[in-house]
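Note sheet for the following structure.
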Amino acid sequence: MNLRKSLAAAALTLGAGGGLLAIAALATPVLSPAAIGQVSADHPGAGVYQKACAVCHDNPGTTRAATLASMRTLVPARLREVMAPGGVMAPMAASLNEREKTDLVTWLTAGQAAAAATWSDALLCAPDKRAVSSTATIVNAGFGIDSDLSRSLSASEAGLGKAQLANMEIAWSIAFPGQGGGTGASVLSDGTVYATGGQKLLAIDAASGCVKWSYAASSRNTPAIGDIGGQRVVALSVGRDIHVVDAASGALLWKASGQPVDGSGGQIRGGVIFAKDKIIVPLSASGVASAMNPRSECCSGHGSVVALNAADGSHAWEYHTMPEPTYNGQVNSLGVKQKGPSGAPIWSVPVYDAKRNNIIVTTGENTSHPATDTSDAIIALNADTGKVSWQYQAMAADVWNMSCDVGTGQNGPNCPVLFGGDGRDYDFGAGAVIAAVNGKDVVLAGQKSGHAWALDANTGKVLWSHRIGEGTALGGVHWGITADAGKVYIPINDPILSPDPKFVSKAGVYAFDIATGRPAWSFAAQPNCTGSRATEVIACTTKYGFSAAPLVIDGALVGATLGGEVIILDGADGRVINRLDTVGAKTTLNKDIAGKGGSIDAHGLSAGAGMLFVNSGYGSFGQTPGNVLIAYRPRS
């Protein structure tokens with residue numbers, strides 16, 4: 001067994017999209033490049049890095065970890081947060097004492113210019129421009145845009161037409177300190193845009209980019225807009241809690257734990273939604289990272305859903321994808337007892353099926369034996385009780401955790417494949433979409449195996465399915481799909497993770513007729529490594545697929561690539577309407593913070609108020625880091 005190879009995944013933590021998320025997901029260039037170059041190799045933190053981190057972060061092409069350069073853009077507070085007990089990197093930092101952690105943080109952050117907590121003050125609108133209209137309607141409610149999670153806007157809703165999308169220019173950009181790309185925006189009809197970045201929730205004026213108000217909150221999820229008792233509010237996850245603030249002022253109305261009452265919860269990675277009088281919280285605990293410690297009793301943790309009463313945050317109900325684990329009779333090669341079942345985390349954003357009063361969630365793989373029928377599944381829960389209305393398992397016996405090396409087959413002691421089964425990490429990272437065709441409601445979903453699924457919304461019965469992508473740990477379908485006008489659009493990532501000559505990437509966008517499942521058209525992604533992009537885009541020739549959740553605007557499919565391009569296609573036939581390159585240095589409204597675009601991933605695309613919003617610089621998985629929110633408008 002090559003333990004070094006099996007430990008290579010240890011630098012990764014879990015992220016939405018059902019995959020692995022490097023700690024540099026919140027990367028932001030707030031550094032002095034000259035100072036970085038002067039960091040001494042004799043600093044004790046350099047030795048800690050070599051002992052605990054280098055095996056992964058010096059080999060990002062193999063391990064999918066963040067590069068050292070990306071790690072150095074994290075602020076000290078974030079590094080401390082991820083290494084702390086309960087933090088996403090805690091299992092990998094468990095062998096370090098407090099002095100070693102301090103040395104590591106000091107070495108990684110040497111040369112940084114500290115960003116003030118008041119950084120957004122420089123962006124404040126004039127006092128008479130800070131109002132949020134009390135009569136404004138919700139144009140874009142959050143990640144899914146509407147209650148069906150269709151991620152689709154008409155021309156009137158978006159303030160943009162298909163023809164205008166062919167000729168766009170940058171209206172403004174904002175550079176975030178302490179957080180990189182990945183978070184989407186939600187929008188009101190008066191042009192107020194809500195987005196997170198730089199440890200803040202911001203209410204932004206779409207026309208100018210100035211900030212109406214800010215609220216201190218560290219969140220990686222798209223804010224959700226809703227109404228509680230006639231009051232317009234914004235809800236978002238902050239750590240393991242849910243915060244609800246007044247949409248007009250940013251004043252905190254309430255905050256509450258988003259965890260189950262028994263304490264068995266975990267990260268809130270997908271983001272929350274409003275469903276009638278409740279706020280629905282998906283949880284992604286699974287034990288998938290702690291399995292990297294060969295001495296851990298693998299595995300504990302499982303997915304769950306918590307429903308909070310929207311009025312005050314009190315607990316309404318909860319659902320668990322499985323019971324708490326017990327010893328399963330298996331023992332690893334070091335004599336450590338194994339536990340199970342575990343896994344089936346919920347990485348994605350739920351959808352509320354109002355007609356049937358169901359909350360529909362998608363789940364990830366099991367992380368230890370025995371396998372359950374709730375992993376890699378689409379599950380409908382009654383919105384009043386949390387009881388299962390129906391469930392469909394797309395792939396059985398997908399039992400996998402981070403001790404498994406899917407690239408080389410050389411696995412650590414806790415890899416469940418050693419105890420039987422065939423773990424593939426083919427979970428659902430993308431949430432489901434509800435679409436109506438020919439009087440029938442259909443639940444649509446995309447899986448990391450490369451499958452597209454269409455189910456009957458009443459029963460969960462399969463109507464049709466296609467396997468499009470090859471399927472990898474980072475896609476097939478990674479973060480989301482979209483549907484509009486009788487078509488569903490399936491983005492395929494399929495990054496080339498190894499030099500396997502048998503692997504043929506199917507990266508691109510694929511359109512299907514929802515009613516019949518027949519293919520409509522497809523667009524094959526290709527790497528764009530022309531000019532400076534050859535060096536500015538990390539792994540330009542292998543990371544160019546469509547991983548971010550796309551959206552539809554007036555019949556045009558707006559997608560984005562790991563290569564930092566926004567590619568706009570005609571939804572009717574797939575022809576290219578426009579390409580926007582977000583990579584590289586950007587002039588920002590807050591000039592004191594350097595702005596740079598990079599890979600587009602996760603919740604990176606959103607629209608409304610006559611603008612297309614792109615969060616560019618998602619530096620996870622060894623991708624190209626950056627830190628800008630870019631607003632595009634039709635060229636005048």
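Projecting the Cα atoms of Ala452, Trp464, Ile492 onto the charge dipole of region 434-497, computed from C-beta unit charges around the Cα centre, puts Trp464 farthest toward the positive end. Straight-line reach from Lys448: taking Cα to Cα under 20 Å and skipping same-chain neighbours fewer than 8 places apart, the aspartates and glutamates in range are Glu365, Asp373, Asp376, Asp398, Asp405, Asp422, Asp425, Asp427, Glu470, Asp494, Asp500, Asp601.
Each Cα pair under 8 Å and six or more residues apart adds its separation to the average, and for the chain the resulting relative contact order is 16 percent.
By the rule of a C-alpha distance below 28 Å, with chain neighbours fewer than 8 residues away ignored, the lysines paired with Lys586 are Lys129, Lys162, Lys200, Lys212, Lys543, Lys596.
The apolar share of the surface of region 269-413, taken as the fraction of accessible area on carbon and sulfur atoms (1.4 Å probe, ligands and nucleic acids excluded), comes to 52 percent. The convex hull drawn around the Cα atoms of the chain, when projected onto a plane and averaged over every direction, covers 25.6 nm². In this structure the chain gives 33 Å² per residue of accessible area when probed at 1.4 Å with all protein chains present. Here the simple spin-label model places points 7 Å from the Cα toward Cβ, and for Asp128 and Glu324 these points are separated by 6.2 nm.
Give me the orientation-averaged projected area of the Cα convex hull of region 181-280, in nm², one decimal.
Hull-based average projected area comes out at 6.6 nm².
Ignoring lysines fewer than eight residues from Lys355 along the same chain, the ones with Cα atoms less than 28 angstrom from its Cα are Lys276, Lys278, Lys387, Lys440, Lys461, Lys487. Placing a pseudo-label 7 Å from each Cα along the Cα-to-Cβ vector at Asn382 and Trp464 gives an inter-label distance of 3.4 nm. If R0 is taken as 41 Å, the Cβ-Cβ distance between Ser532 and Val504 corresponds to a FRET efficiency of 0.90. The accessible area of Tyr319, taken with all protein chains in place and a 1.4 Å probe, comes to roughly 20 Å². Share of carbon and sulfur in the accessible area of region 546-585 stands at 44%, probe radius 1.4 Å.
For region 488-636, the calculated P(r), taken from all Cα-Cα distances in 10 Å bins from zero up to the bin holding the longest distance, is 11, 40, 34, 12, 2, 0 percent.
Given +1 at the Cβ of Lys and Arg, -1 at the Cβ of Asp and Glu and no other charges, the dipole of region 505-636 around its Cα centre is 200 debye to the nearest 20.
Here Cys210 sits with roughly 30 square angstrom of accessible surface, probe radius 1.4 Å.
Local charge for Gly303 was computed over the other residues whose Cβ lies under 12 Å away, with Lys and Arg +1 and Asp and Glu -1, and equals -3. Each other residue within a Cβ distance under 13 Å of Ser237 adds +1 if Lys or Arg and -1 if Asp or Glu, for a net charge of +3. Our summary gives region 147-264 a relative contact order of 14 percent, counting only alpha carbon pairs under 8 angstrom and 6 or more residues apart. Of His478, His369, the order by accessible heavy-atom surface (1.4 Å probe, DNA, RNA and ligands excluded), from most exposed downward, is His369, His478. Placing pseudo-labels 7 Å out from each Cα toward the beta carbon at Asp42 and Lys355 gives an inter-label distance of 7.2 nm.
Rounded to the nearest 0.05, what FRET efficiency do Ala524 and Ala311 have when you use their Cβ-Cβ distance and R0 = 41 Å?
Efficiency for this residue pair is about 0.25.
Based on Cα contacts under 8 Å between residues 6+ apart, region 499-620 shows a relative contact order of 17 percent.
Of the listed residues Asp376, Asp277, the order by accessible area with a 1.4 Å probe, largest first, is Asp277, Asp376. For region 451-541, trypsin sites (Lys or Arg not before Pro) meeting the loop criterion (DSSP other than H, G, I, E, B) and having at most 13 other Cβ atoms within 10 Å: Lys461, Lys502.
The values are calculated or read from the model by the stated rules, or taken from the named source; none is laboratory data. Nothing here was measured: the structure is a model prediction, and the numbers come from that model. Here the Cβ is made from the backbone with ideal geometry for all residues, glycine too, and neighbour counts use every protein chain on show. We work out accessible area using only protein heavy atoms, side chains counted, and drop any ligands, DNA or RNA first. Shrake-Rupley method; radii C 1.70, N 1.55, O 1.52, S 1.80 Å.
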